[in-house]
Amino acid sequence: MVRRGLCTLFGVVTAAGAVCAPAATVTGEYADTLLTLPQVSVTAIKSGELQLEAEASTTLGHKEIERLNIVNIKQASEIAPNFYMPQYGSRMTSSVYVRGLGTRIDQPVVGLNVDNVPVINKDNFDFDMADITRIEILRGPQNILYGRNTMGGLVNITTLSPLSYEGVRIVGEYGSRNSYRTSAGVYKRLAPQLGMALSLMANGTDGFFRNALNNSRVGKERLYSGRWKTAWRPSARTIVENVATISHSQQHGYPYQSVATGQIAYNDTCFYRRLTVTDGLTVNTRVGEVDLSAIGSFQYINDNMTLDQDFLPLDYFTLTQARHEWAFTADVVARGRGGERYRWLAGAFGFARRGHMNAPVTFYDYGLTTLIEQNANKLNQDYPIRWDERNLLLDSRFITPSQGGSLYHESSLTFGRWLLTLGVRWDMEHTSLRYRSRSASTYTIYDMTDPANPSVYGNRRIDIDDTGSLSKTYNQILPKLTAAYTLPGTAGSVYASVVKGYKSGGYNTQMFSDVLQQRIMGRLGLSERYDVDQIISYSPEKTWNYEVGTHLSFPSIGLQLDAAAFWIDCRDQQLTMFPEGSVTGRVMANAGRSRSVGAEIVATALVGNHLTLRASYGYTNAKFRRFSNGKTDFSGCYVPYAPENTLFLGATWTQPFARGSIVDRITATVAARGVGRIRWDEANTLSQPFYMIMDASVRADRGDFSADIWADNITSTRYSTFYFKSIGNAFLQRGNLFACGVTLRWAFSFN
């Protein structure tokens, strides 16, 4: 209670916003987010200075990223208003919710680019990176320039270039639950215009929860990664950059707590393993008054998710999803550098992707008895059945090729203080699914007409081998119109925009085990419930986004203010739903129509020479306008899993010391994040109320060294990040409680 009271008092006294650096920077360090610098590097291919664009965005600079201890995009959640990426499940789970849009599986609502390369598979969004120099979070549709599945926004991540820094960077961290993080990077110019960098990272934790069944730790993880970055500037007009990364992670267990018992208790294996390899090449050159860029990438993922999917101390069933997938992407961009009145950008994008997945579900004795035998025997108690083998394998295998291409163009025209922008994109995608579902087993029928003398009536064999192929082609024309007006007398602008957003459709591979289970029930005389063609596919999601906003900067008082209000009209919104009854899968469904209305504001202020504040708040009211599952009409209900409010408050106090002191400076940081309310189901009967967690750190810098002492969730606030059902049972994942640790950094420059 004392710790809770002191931490709460500390948060109130600091009255804070985000953690930004003081305006004055030391030679050799990175500029902080309060400083607006021109984009002159290879990173500014499709966008200019975000503060001048007609869209809502949040930028985190290198210093802020370090002080908030951010190494992946989940840790940037809530800092940007109406941007929420919950921590639950495994690193395969990368759900993102922006302005009421988002879903838990399949196609993402937000795109992710790392050093210009788009990450194609959402299951690979959650990975750790060393030496991040900049994170940009754009909210609102980005489909015109960035294509498929960016209807909610885009995250751009830039890592350190060996042409901008030479030296060695080492990080060592240790914290609660035997959590650790180490990284080492060497950045060197091999020639005046050629630099290479090698960065290695190793992370781990023993997990924050325990399995009550055997008292083992849940959530143990080990992660290893490496990045090799080459930057070459053969001439003043050309720069070439190649980034190759490899990452391997392994996680044990899923901390899903039964709502009925309040415990994490399951008896079978749970783990997630992932190997990823990515290589991205960016070439940027200038021909006359045109900047030409080409971005190509190869991406490979090989992972295995194995679950005790009932998450109970009973032998129901397990699921394995083993997959390997490769993808190629290519993007060619031309950008005019012409007169001050007219600017233009045009490009072409293409991708090819192919995945192979094995997804067997194995029913054990208890699952066979309760889910299959008992249901069948209710209808014919005189002739009950019993499976001969007490394991039943439902085997599903998939091949999922897809490819697509697009053409896009954007023109901007300046009239005095007005800037008008018109954009359009044609997007085409062809996706296919080839499947094979198999099950072979035998069962015995007993004659119980004379209960005193039961006998064997007969033996039967079930042998199902279903194969098929499905394919769909999607075509979309996506327009965009924005108008921005520069305000007189201030460094600021107001803007309005109308943009069409789009998220592609796909197939529900998670439902094939249930389809196969129902085929078996049909052989037992029960009606089959599922039609493969109807239950497996889902349609694209489309939106019209209407937005007004402002970017204001008041350098004389050290204040920067951004605000936006939006209205989103959504058709065929994709929702992850749990079919009724004792089923094992999840299904992506399309709601008829929904709308999302809200606002967001970000204020950043420098108070005196020592204190920096940021506050950001986002409000979203997302409701179904027309949605019925055939049994219940959910019209007027809130869209589940999308938070209604996000809040970030924080402050940084920096105290420099005179030359010759023990330390050069002390930096104290406190930050609070708030989320909620989050509805867990379409009927809005269950929800997570609004909650806040508080973090704090103290950092000491001395020359090339720094040491951080930090604490997360100081008040041990209890909250839930996820809710779901499996075979009719409800589960929650709780958020992490109090944790603390120490982070040591050494950055030695060769200059």
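Taking the Cα centre of the chain as origin, work out the dipole magnitude from +1 charges on Lys and Arg Cβ and -1 charges on Asp and Glu Cβ, in debye rounded to 20.
The dipole magnitude comes to about 1020 debye.
State the extension gain, in nm to one decimal, for the chain segment bounded by residue 341 and residue 483, taking 0.36 nm per residue of separation less the distance between their alpha-carbons.
49.7 nm
Which one of 492, 96, 477 is farthest out on the positive end of the charge dipole of the chain, using unit charges on Cβ (Lys, Arg +1; Asp, Glu -1) and the Cα centre as origin?
Result: 492, furthest along the dipole toward the positive end.
What residues of the range 323-350 lie in the reach of a label at residue 300, counting those whose backbone N is under 13 Å from a point 7 Å from the Cα along Cα→Cβ?
Correct set: 324-328.
Please get the size of the charge dipole for the range 426-538, origin at its Cα centre, with Cβ charges of +1 on Lys and Arg and -1 on Asp and Glu, quoted in debye to the nearest 20.
So the dipole magnitude of the range 426-538 works out to roughly 400 debye.
Given the options 167, 200, 124, identify the residue whose Cα lies farthest towards the positive end of the charge dipole of the chain (+1 on Cβ of Lys, Arg; -1 on Cβ of Asp, Glu).
With unit charges placed on the Cβ atoms, the residue in question is 167.
I need the peptides 89-96, 465-472 ranked by packing, meaning the mean over residues of other C-beta atoms within 10 angstrom, with the highest value on top.
Averaged packing, sorted descending, gives the order 89-96, 465-472.
Could you line up 83, 627, 657 from fewest to most neighbouring Cβ atoms inside 10 Å?
657, 627, 83
At R0 = 60 Å, how high is the FRET efficiency between residue 176 and residue 469 if r is their beta carbon distance? Nearest 0.05 is fine.
FRET efficiency, residue 176 to residue 469: 0.75.
Which residues' amide hydrogens lie under 5 Å from the amide hydrogen of residue 639, considering only partners 5 or more residues apart or on another chain, with H built in the peptide plane?
Under 5 Å from the amide H of residue 639 lie the amide H atoms of 622, 623, 624, each far enough along the sequence or on another chain.
Grab the other residues whose beta carbon is less than 9 angstrom from that of residue 55, score K and R as +1, D and E as -1, and report the net.
-1
Normalised by the residues of the chain, what does the relative contact order come to in percent, with Cα pairs under 8 Å and at least six apart?
Dividing the mean separation by the residue count of the chain yields 13 percent.
What does the extension gain come out to for residue 569 and residue 445, with contour length at 0.36 nm per residue minus their alpha carbon separation?
39.1 nm
Looking at the square roots a ≥ b ≥ c of the eigenvalues of the Cα gyration tensor of the chain, which shape do they give, rounded for a/c under 1.5, prolate if a/b is larger than b/c, or oblate?
Prolate is the answer for the chain, as a/c is 1.5 or above and a/b outweighs b/c.
With a Förster radius of 51 Å, plug the Cβ-Cβ distance of residue 332 and residue 457 into 1/(1 + (r/R0)^6) and report the FRET value to the nearest 0.05.
Using R0 = 51 Å, I get an efficiency of 0.15.
What residues qualify as long-range amide H neighbours of residue 83, i.e. H under 5 Å apart, gap of 5 or more or another chain, H built at 1.01 Å from N?
The answer is 78.
Taking 60 Å as R0, compute the FRET efficiency from the Cβ-Cβ separation of residue 685 and residue 388 and round it to 0.05.
0.90
Note the full-extension length gain between residue 426 and residue 705 as 0.36 nm times their separation in residues minus their Cα-Cα distance, in nm to one decimal.
The span from residue 426 to residue 705 would gain 95.4 nm if fully extended.
Identify, among 145, 575, 214, the residue whose Cα sits farthest towards the positive end of the charge dipole of the chain, taking +1 on the Cβ of Lys and Arg and -1 on the Cβ of Asp and Glu, with the dipole about the Cα centre.
Comparing the listed Cα positions along the dipole, 145 ranks first.
Please give every one of the aspartates and glutamates within straight-line cross-link reach of residue 46, meaning a C-alpha to C-alpha distance under 18 Å, and leave out same-chain neighbours fewer than 8 residues apart.
Candidates past the 8-residue exclusion: 55, 115, 136, 241, 289, 291, 331, 340, 410, 427.
I want to check the label-to-label distance for residue 166 and residue 746. Put each point 7 Å from Cα in the C-beta direction and report it in nm to one decimal.
So the label points at residue 166 and residue 746 sit 2.1 nm apart.
Using amide H atoms built in the peptide plane, which far-off residues or other-chain residues are under 5 Å from residue 213 H to H?
266
Mind listing the phi-derived Karplus ³J(HN,Hα) values for the range 118-124, rounded to whole Hz, using 6.51, -1.76 and 1.60 with θ = phi - 60°, and x for any glycine or proline?
My calculation for the range 118-124 gives x, 7, 6, 9, 4, 5, 10 Hz in order.
So which lysines pass the test for residue 472, namely a Cα distance under 23 Å, with those fewer than 8 places away in the same chain ruled out?
Here the lysines satisfying the reach criterion relative to residue 472 are 122, 500, 503, 542.
Against the longest alpha carbon principal axis of the chain, how many degrees, from 0 to 90 and to the nearest 10, is the axis of helix 512-523 turned?
Here the helix axis deviates by roughly 10 degrees.
Can you work out ³J(HN,Hα) from phi for every residue in the range 607-617, in order, using Karplus 6.51 cos²θ - 1.76 cosθ + 1.60 and θ = phi - 60°, giving whole Hz and x for Gly and Pro?
In residue order, the calculated couplings are 9, x, 9, 10, 10, 10, 10, 9, 9, 9, 9 Hz.
Could you derive backbone 3J(HN,Hα) for the range 267-272 from the dihedral phi with the Karplus parameters 6.51, -1.76 and 1.60 (θ = phi - 60°), listing whole Hz in sequence and x where the residue is Gly or Pro?
Karplus values, whole Hz, x for Gly and Pro: 10, 10, 5, 9, 7, 9.
Ranking 577, 694 by Cβ neighbours within 10 Å, fewest first, what do you get?
577, 694
Working from Cα positions, state the angle (0 to 90°, nearest 10) between the long axis of helix 2-14 and the longest principal axis of the chain.
Relative to the chain, helix 2-14 is tipped by roughly 40 degrees.
For n ≥ 4 DSSP H runs only, could you compute -39500 (n - 2.57) per run for the chain, divide by its residues and tell me the 222 nm figure to the nearest 500?
-1500 deg cm²/dmol
If you add up the charges near residue 355, with Lys and Arg at +1 and Asp and Glu at -1, over every other residue whose beta carbon is less than 13 angstrom from its beta carbon, what do you get?
Once positives and negatives cancel, what remains is +2.
Quick one: net charge of residue 185's neighbours, Cβ under 10 Å, K/R +1, D/E -1?
+2
Each value in this text was obtained by applying a stated rule to the coordinates, not by laboratory testing. Treat the numbers as computed from the prediction; the structure is a model and nothing was measured. Quick reminder, even Gly has a Cβ in these numbers, built from the backbone with ideal geometry, and neighbours come from all protein chains shown.
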